[in-house]
Structure formats: structure tokens, C-alpha cells
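Novice: Before I ask anything, let me first share the structure, which is written out below as C-alpha cells.
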Amino acid sequence: MTLRRCALLAAVIATSAAAPASADVPTLTIYTYSSFVAEWGPGPVLQKEFEAGCGCKIEWVALEDGAALLSRLKLEGEKTDADIVLGIDTNLTVETKATGLVAPHGVDLSAVKLPVAWNDADFVPYDYGYFAFVYDSQTLPNPPQSLAELASPSDAPKLIYMDPRTSTPGLGLLLWVKEVLGDEAAGAWKNIAKKTLTVTKGWSEGYGLFLKGEAPLVLSYTTSPAYHQMMEKTDRYKALTFAEGNYLQIEVAARLKNSDQPELAQKFLAFLVSRSAQEKIPTTNWMYPVVDLGDALPEAFRKLPVPTKTLLVPEDKAAANRTAWIDEWLNSAGQ
Amino acid sequence: MAQQRRAVSGPVIGADQLGMSVALLLAGLVGAALLMLFAQAGEAEIGPLLGSAYVWHILRFTLTQALLSTLLSAAFGVVVARAFAREASFPGRRALLGLMSLPIVLPSLVAVFGIIAIYGQNGWLARALAAAGADAKPDIYGLGGVVLAHVFFNLPLAVRLLLPGWHSIPVESWRLSAQLGMSGWAVFRLIEWPMLRRYLPHAAATIFMLCVGSFAIVLALGGGPGAATFEVAVFEALRFEFDPPKAAVLALGGLALNLICLALAQGAIGDAAIGSGWRMRDHDWRQRGLGARLLDILLIGAAALLLAGPVAATLIDGLTGLSEATLDWSLVARAALTSIGLAVPAAALTLLLSLPIVLAEAAARAGSPARSAILRGALILPIAVSPMALGLGCFLILRPSLDGTPRAIIGIVLLNAIMTVPFAAAILRPAIERARSRHDHLCRALGIAGWSRWRLIDWPILRPSIGTALAMAATMALGDLVGIGLFGDAKIRNLTLLLYDQLGAYRMGGAAAVAALLMLLIFALYQVIERLVGGRAAP
């Protein structure tokens, strides 16, 4: 009896999962991270618009995060099904390129406007943001104004950040601290450890704890308050721009060498930086678009504080030193 | 002679061979999964890795938190299970025991937020303290929080695993102890301790291994990078570094730790013969003194409070979340259906894997300890191995022959089935032992064997336990995130992923609502399966 029930349920799953695929339509397989294809994420709207004009079908493979994407590419190597990988960030592009799987995009990026110059032949940027500490203005009236103040020797205010071994923002903070404080990073981590409530596996858990009121300060993005303003109509949560500057994260996509749909993949990458696609990014991924939308950028975004200085460790330097810097962090913050 | 041997060999013809084959298949799958990781290209040098201060630090923390969590869970587990055994018929007992099966199957993220809602900086306890004018705030971040969360998960598990021990004590023993006027201490020493020596080592080993493999809880509540287990290192090796052989070595490190613990547990198991009284009715405990009863009620109440707090907080937060957020109900329904559709086949497969092994193991115990040890080892192996390494290994095994949605469905079902085998086995084993000790003589005398024995004798006795095992396996698989995340088919999105995706998109209210729904679904599915399969007698 159980078996019959199981078979029935399996059938339900199989039919509900397998969309009606018609054989003649070319399929574009895109590897991305899970939240990109969530119902409220950019995935579904972009898919609808692109499929309407391409006579093709998009197949998403949704992994946990950008680092998981890179791992999957390394694992599958030349045999990967992916035509496009979407959701790698600037700290991982060097390693992604080192797999030898990436093909030049060949997309005209002249309309792309980023805080730093972009002339990468392989990766197409589709959104960006600055890492920032977000604070709860109801419980923290005087938040720290600089990284130096954050790393000062006191045990308040309590803060939450993410583990650089397991999360992209965590790695971003590690590079940020190293870029600003250099040789003093070890001492800074010792001080930060005193006010650390906890270090979470990913952004989701950390930001969730923050919203639960566990700590008044959390590592996130300068764009986070835009969500609370637009969706929850509250100014309670604010992002901090630090005197030393904030660390930049650019999310990129690339097409793969072994793709059986190279033209389609290129077409999608070009679509990704089109004004129409970029207009969807702010309110679905809560990041800045990579083209100037002018007045089409929601007001909440236009009112966000913009860092006076943009920090970005060169990709190759970040890749080469990541292990050593993580060790330094472990030895200073971990014991 | 031949006739007689067949009758002794087990309840089903060829059961021993079948059990051993399934055990080897299971162990082979787990072994192959780890081997697949070694077959990948890697860079780390193994020697320096194992000698590094980092690995030793991780080892130290893993051991400290796992030992503390196990000690506390097991000690409280013993006294609470004892109280439950004595208070055999109070109103709500069944519901409370049902609740006891909840934490262990809860996704760790749900549990973490439930625990925070009570004990966190802004939790109920903190607010109650503030309202009472106290200056103190609970601080659960650090070793304390990790251990607290692990006790929340594992105390109920300990109770579930130990309670059958008390039920295995024949009513004659209790009567005799009463007639002889034994003191409470003498009863414990002479009757309960020998039973515990059989049941406790396994329960403790299971809890220890779960704590060694703990990951998200340790990071979320650990309070800093010093709090990290082997599983964190495995994750790191698979994620940013992508060095599968290194992950496999670290997973083997965790496995070695677990095997040492298992060997210790095996050594601690007493050989005290379990009574084989005919009338296994439970003893009537109502004649005890008021003090003893009060203590039992207090213990049960404390355990209930520990459990009910985070559960209630999750439900209340869910309701609040529901009022704040707009949930797309078709999305929720689809995710729930996906969860169930993956969990039920996984549970069925778990039973197909574990039942033959447990049956063969029970048969082999008397005659051949070596066979018994192999079978036992296969049953426990899945929790001794890092889930992440096991998952990736399964992915690598399935990759050459399958792709797309079928691969994801089969992979998720297989992975969850493998991972829940130890829990199903832990539930099935006492029942099968009991069935054997009660009926082997009779069946041998009457020449009942094979299918007819299964149908007439074993099934009616085992049915409630099979129901419970299926219910537990299904609800554990219901909260799957490892499999879903690993196979990554964007069309297969279960409730846990929906919860995670909401949390990943600032949607705290929606996430809280889905967490509460997930918990309700887990509870409902557990009850339905346990009653449907297990019949009225369960648990």
C-alpha cells in the first residue's frame, strides 16, 4: 500500500516538475544561485521576457551561492551542461577563468556604468553593490562611522557578520579589512571579536538574526535599506558608509566554451545588460543596476548613501592571498 | 536437522543473506561516495593538513561540544525516559511523546530561530528578565548556546531511544523488586542499570555522532570562528577551495572520531540478558509515593518546557509573519507537495534498506558476533559520515548515468533514504529484539518460519515500530536542504528551500510563516504515517 502511494506521489512530483518541453525549441541552460530564480527574484521576469523573443527555453540550475556555482563548474569540467554561469562575484572571477571553461562574451558593454572601469573580455557584470554594515536606528543611535571605529577596542555595539570560509559577504569583509588596515588587520580582528555576537554560515542567517533584534549591527549591503523602505515602508534600518570607503561587489555572468548554444548564450548576456533587463534588477535582486537608469531607478535607491570611496582588491591578489588571510582571521578572531 | 536450522535462521527465508547483501550495498554506496571525492583532482597535501593547528583546533572544539552535548542529553534523557516509563498513563502523554519526535527532524535553521526566540538577546527570556527589572541578559552565543541547541535536538531523541529499554523490562522483575522491598537505588542498580547498559551506549553514540556532524547550528550559535566542527572544514574544502580529496580526508577524520566513539560504545554494552517474560504488560506504577511522582512530573514538565518553548515561538512568529507578509499560497502548496513527494519515497526506501539489515542483525547476534558487527556498522555508517561529503559523492555516482530532473529526484530520494537509515534502525531494533525474545521459542516449537512467521507473528508486533520508523524517516527527509541544494534542479523546490529563499530575500515574515507551516506539516505527516502504517497501537 505504501508503495502504491509512493508511486502516486512520485508521479505527481514528476508531472508537476517536468514542464511541457517541446523537442524542437533550443534550450539555454543557466547555472545560477537559488535566490536569483526565486519567484520574487530576477529569474522569472527575465526568463519571460527573453523567451518571448528568442524562440528558446531557459533551463535554470539553482545552486546555493556563487561559490557553489564555481565548485560545480570545476566538478563538471568540460562535460558541464551549462551554457551560461550567472552569479559569480568579482572575488571568484580569476578562479572561474582558471577553469579554462569560459568563452569571451563578445557583448558591447559601452552602456555599462560601474564605480570602477570594466574592460573584462570574459565576464559581463549584471549588478553591483557595496558591502556595508546595516544598523537598527531604534536601538543604535550612534553607530560607528569608520572601519577603524568598528575595530576599536571596546565590546559594544554587538555585531553579526558572516564566515569568510562559507559566504561571499564574509569573504568581502575579510578583503575589506585587509585592504584598509593591512598589517593591522590581525589586531583589528582581535578587537572585532570582542563585539561579535556571532559569525553565521551565510548572509541569510546573519541578516535574519539581525532582524530578530539579536544585534544592532550586521554585515550586509548599502542597498539593503531600499528593501525595507519600498516593501515595508520603514526607515528604521540604515546602511553605513565608512570613512575609509566600502568594499565593492560586482556580480557577473559568463558563457561557457563548450556550450552548444553559443549564439543564444551571447544573446542572453547582451539582454542581461539591456536597459529593459536592468530595470528589473533593483527591485528583484536589491542591488544596483549596471546601466544608468536615470529616473527609472526607484527613489529609495537614489536616496541611498553612496560611499565616498570604492574599495576592491585586485582579483588575482585576492585569489592568491585568500587562504593566508583566512588563517590570519582565524588566528586573531578565533581563539 | 536441515529443517531445524532453517527454522532458526530467521523470520523470512534467506533473510540473513538478504540482510547482509543490503548491508554491503549500503556500506558500498557510502564508501563509493567517499572514493568518488578522492578520485577528483585536489591540491592539498594530506600530511601537513592533518598536522595543522587548524585541524587540531577544530578537533578539540568538535570533541568538547559533542561530549558535553551527549553527556547532558543522555543524562537528562535517562531521567526523563525513566519518568515517562513510570508515568505510563497521564493525559497528554502520547501527544508529548509525539512532540518528542519533532526536534530531531526539524531543519536546523528552524530550530535555531526557535531557540533564539526564547533564549536570544531579544527573546522571551530576555524580555521577561527586563520586565522583571533584572539587569542580566541571557547570552547563548558560544559553547553554551551550541550545547543548549544540541540538547534541544537530542534530549527528545534520547528519550525516544531509551524508553523502549524500560518497556523491555519484564513485569516480573518489577513485581519481584516490590515483593523484596528493594530501595530505589537497588532497583536502579539491579534492574534498570543492566537494561541501560544495553540501550544507553547506542543512544549516546548516535547523539555524539549527530553533534560531531552538526554545522549550521554550530556556526549560528557558536559566537565566532573558534566554534567550528569538522563539517565546517568539509564545507570550506568543497566550497571556496573546491578540493574534494581534502574534503574526503576531513570527512574521514570525522568518521574516525565517530568510529572510536562507536567502538567505545560497543565496549560499554553489557551482556545482561534481557528478560523474556511472557506477559509484557507494563508494570502498574501508581502505587508509588507522592514525592517520587512529583519528581517524575517535574522532570517531564521540564523536558516539555524545553521543547515546547521554541516550538511555540516558531508557531507564534509564523502567525505574526503571516499577518505581515503576503504569501503566494499556490507556491507554498507546490513546495509542500514537493516536500511530501520526495520524503515519502525516501522513507519507503529507508525501510527497504534498514529492515532487512536489522532482521539479519538480530538473527546473527546470538550465533556470529562478526556478522552482527558488520550489519550494525552498516546501519550506523550514514550518520558517521559527513552529510556534505556523502551528498557530493552521491551526485558524482549518479552523474554519468542520469541528468536533469530524474537525476535530481533520484539523487534527493537516495541521499535522504541513506541518511535516515540509522534512525529507522534505532527504532526497529528494540521491537525486533522484543519480538524475537518473545516468540523464537514458540515459533521453533511450532515450526513456524519464513513468510508465515512474518505475516502471523512478526508483522503484528513490528507494525507500530515500522510505522514510527517510516514516520521519522519521512519527516527527516521532509526538511531536506542538502540534497535539494546539491542537485539544484530549479523546478524542484521544497518548503525548506522556500523558507531559505525567503530569508535570503529579506522576507523575514514569509520565512517565519513557512517555518511554522513546515513544522506543522512535519508534525501532521508524522502522525498520519505513524497511525496509517503503525495502526492504533503506535507508539
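The values are calculated or read from the model by the stated rules, or taken from the named source; none is laboratory data. Remember, predicted model here, so these are calculated numbers, not experimental data. Counting neighbours? That spans all protein chains shown, and the Cβs are built from the backbone with ideal geometry, glycine included.
Novice: If you scan region A:44-64, which residues turn out to be crowded, with 20+ Cβ neighbours inside 10 Å and more than 8 Å from chain B (Cβ to nearest Cβ)?
Specialist: A:Leu46, A:Phe50, A:Ile58
The rows are residues; the columns are (1) surrounded by fewer than 21 Cβ atoms within 10 Å (Cβ to Cβ); (2) away from chain A (no Cβ under 14 Å); (3) more than 27 Å from B:His150 (Cβ to Cβ); (4) not aliphatic (A, V, I, L, M).
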{"position": "B:Gly301", "(1), (2), (3), (4)": "yes, yes, no, yes"}
{"position": "B:Ala304", "(1), (2), (3), (4)": "yes, yes, no, no"}
{"position": "B:Ala312", "(1), (2), (3), (4)": "yes, yes, no, no"}
{"position": "B:Leu315", "(1), (2), (3), (4)": "yes, yes, no, no"}
{"position": "B:Leu319", "(1), (2), (3), (4)": "yes, yes, yes, no"}
{"position": "B:Ser323", "(1), (2), (3), (4)": "yes, no, yes, yes"}
{"position": "B:Ser330", "(1), (2), (3), (4)": "yes, no, yes, yes"}
{"position": "B:Ala335", "(1), (2), (3), (4)": "no, no, yes, no"}
{"position": "B:Thr338", "(1), (2), (3), (4)": "no, no, yes, yes"}
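Table: residues versus (1) within 23 Å of the chain's Cα centre (by Cα); (2) at pLDDT 95 or above; (3) outside any strand (DSSP E or B); (4) under 30 Å from B:Thr229 (Cβ atoms).
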position: A:Phe133; (1), (2), (3), (4): yes, yes, no, yes
position: A:Pro144; (1), (2), (3), (4): no, yes, yes, no
position: A:Pro157; (1), (2), (3), (4): no, no, yes, yes
position: A:Arg165; (1), (2), (3), (4): yes, no, yes, yes
position: A:Leu171; (1), (2), (3), (4): yes, no, yes, yes
position: A:Leu174; (1), (2), (3), (4): yes, yes, yes, yes
position: A:Val177; (1), (2), (3), (4): yes, yes, yes, yes
position: A:Gly182; (1), (2), (3), (4): no, no, yes, no
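Novice: Picking from B:Ala205, B:Ala216, B:Ala227, which residue would you name as being more than 30 Å from B:Arg175 (Cβ to Cβ), modelled with pLDDT of 90 or more, of a type in the set (Gly, Ala, Ser) and not assigned by TED's automatic domain parsing to the domain that holds B:Ala424?
Specialist: So the residue among B:Ala205, B:Ala216, B:Ala227 that is more than 30 Å from B:Arg175 (Cβ to Cβ), modelled with pLDDT of 90 or more, of a type in the set (Gly, Ala, Ser) and not assigned by TED's automatic domain parsing to the domain that holds B:Ala424 is B:Ala205.
Novice: Which residues, counting only those in region A:286-304, are within 14 Å of another protein chain (Cβ to nearest Cβ) and crowded, with 21+ Cβ neighbours inside 10 Å?
Specialist: Matches in region A:286-304: A:Trp286, A:Met287.
Novice: State whether one or more residues within region B:445-460 are buried (at least 21 other Cβ atoms within 10 Å of the Cβ), under 22 Å from B:Met100 (Cα atoms) and of a type outside the set (A, V, I, L, M, F, W, C).
Specialist: So far as region B:445-460 goes, no, none of its residues is buried (at least 21 other Cβ atoms within 10 Å of the Cβ), under 22 Å from B:Met100 (Cα atoms) and of a type outside the set (A, V, I, L, M, F, W, C).
Novice: In addition: Hey, among B:Ile484, B:Ile466, which residue is aliphatic (A, V, I, L, M), buried (at least 21 other Cβ atoms within 10 Å of the Cβ), within 30 Å of B:Ala15 (Cβ to Cβ) and within 12 Å of another protein chain (Cβ to nearest Cβ)?
Specialist: Just a single option satisfies the conditions, and that option is B:Ile466.
Novice: Consider A:Pro314 carefully, then state whether it is surrounded by 15 or more Cβ atoms within 10 Å (Cβ to Cβ) and under 21 Å from the mean Cα position of the chain (by Cα).
Specialist: Spelling it out, it is not the case that A:Pro314 is surrounded by 15 or more Cβ atoms within 10 Å (Cβ to Cβ) and under 21 Å from the mean Cα position of the chain (by Cα).
Novice: Right, something else. Can you give me the number of residues within region B:487-501 that are assigned to a helix (DSSP H, G or I), closer than 15 Å to B:Arg334 by Cβ and either more than 8 Å from chain A (Cβ to nearest Cβ) or among the hydrophobic types (A, V, I, L, M, F, W, C) (or both)?
Specialist: Total satisfying the criteria: 5.
Novice: Quick one: count up the residues across region B:297-332 that are among the charged types (D, E, K, R), assigned to a helix (DSSP H, G or I) and in contact with a Phe, Trp or Tyr (Cβ under 9 Å, 6 or more places away or on another chain).
Specialist: 1
Novice: If I ask for residues that are surrounded by 13 or more Cβ atoms within 10 Å (Cβ to Cβ) and assigned to a loop (DSSP other than H, G, I, E, B), which ones from region A:107-120 would you list?
Specialist: Listed by number, the residues that qualify are A:Val107, A:Leu109, A:Lys113, A:Leu114, A:Pro115, A:Trp118, A:Asp120.
Novice: While we're here: Considering B:Leu342, B:Leu359, which residue is within 9 Å of another protein chain (Cβ to nearest Cβ), buried (at least 23 other Cβ atoms within 10 Å of the Cβ) and not aromatic (Phe, Trp, Tyr)?
Specialist: Step by step, each of B:Leu342, B:Leu359 is checked, and only B:Leu342 is within 9 Å of another protein chain (Cβ to nearest Cβ), buried (at least 23 other Cβ atoms within 10 Å of the Cβ) and not aromatic (Phe, Trp, Tyr).
Novice: Take region B:475-527 and flag every residue that is farther than 21 Å from B:Thr350 by Cα and among the hydroxyl-bearing types (Ser, Thr, Tyr).
Specialist: Matches in region B:475-527: B:Tyr500, B:Tyr506.
Novice: Could I ask something else about it? So, in region A:273-282, how many residues would count as being farther than 12 Å from A:Asp108 by Cβ and crowded, with 20+ Cβ neighbours inside 10 Å?
Specialist: The total comes to 4.
Novice: Based on what the data block shows, is A:Asp108 assigned by TED's automatic domain parsing to the domain that holds A:Leu75 and not small (Gly, Ala, Ser)?
Specialist: So A:Asp108 fits the description; yes.
Novice: Something else about it: What is the residue count in region A:247-285 for residues that are touching a residue at least 24 places away in the same chain (Cβ under 8 Å) and over 24 Å from A:Thr96 (Cβ atoms)?
Specialist: 5
Novice: To continue, here is another question. Looking at region B:216-230, which of its residues are more than 7 Å from chain A (Cβ to nearest Cβ) and closer than 20 Å to B:Gly120 by Cβ?
Specialist: B:Ile217, B:Val218, B:Ala227
Novice: Quick one: B:Ala505 ticks every box in (1) within 13 Å of chain A (Cβ to nearest Cβ); (2) free of Cβ contacts under 8 Å to residues at least 12 places away in the same chain; (3) assigned to a helix (DSSP H, G or I) bar one, so which box is it?
Specialist: Against the list (1) within 13 Å of chain A (Cβ to nearest Cβ); (2) free of Cβ contacts under 8 Å to residues at least 12 places away in the same chain; (3) assigned to a helix (DSSP H, G or I), B:Ala505 comes up short only on (3).
Residues are listed down the side, and each one gets a yes or a no for (1) under 29 Å from A:Leu150 (Cβ atoms); (2) in contact (Cβ under 8 Å) with a residue 12 or more places away in the chain; (3) assigned by TED's automatic domain parsing to the domain that holds A:Leu264:
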site	(1), (2), (3)
A:Arg72	no, yes, yes
A:Gly77	no, yes, yes
A:Val85	no, yes, yes
A:Thr90	yes, yes, yes
A:Phe133	yes, yes, no
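Novice: Conditions first: (1) within 29 Å of B:Phe215 (Cα to Cα); (2) buried (at least 24 other Cβ atoms within 10 Å of the Cβ); (3) at pLDDT 90 or above. B:Ile427 passes all but one, so which condition is the exception?
Specialist: (3)
Novice: A follow-up question, please. Restricting to strands (runs of 3 or more DSSP E) lying wholly in region A:184-246: which have 1 or more residues that are within 7 Å of chain B (Cβ to nearest Cβ)?
Specialist: Passing ranges, in order: A:196-200.
Novice: Mind checking which helices (runs of 4 or more DSSP H) fall wholly inside region B:161-272 and carry at least 3 residues that are surrounded by fewer than 23 Cβ atoms within 10 Å (Cβ to Cβ) and in contact (Cβ under 8 Å) with a residue 40 or more places away in the chain?
Specialist: B:171-179, B:193-212, B:244-268
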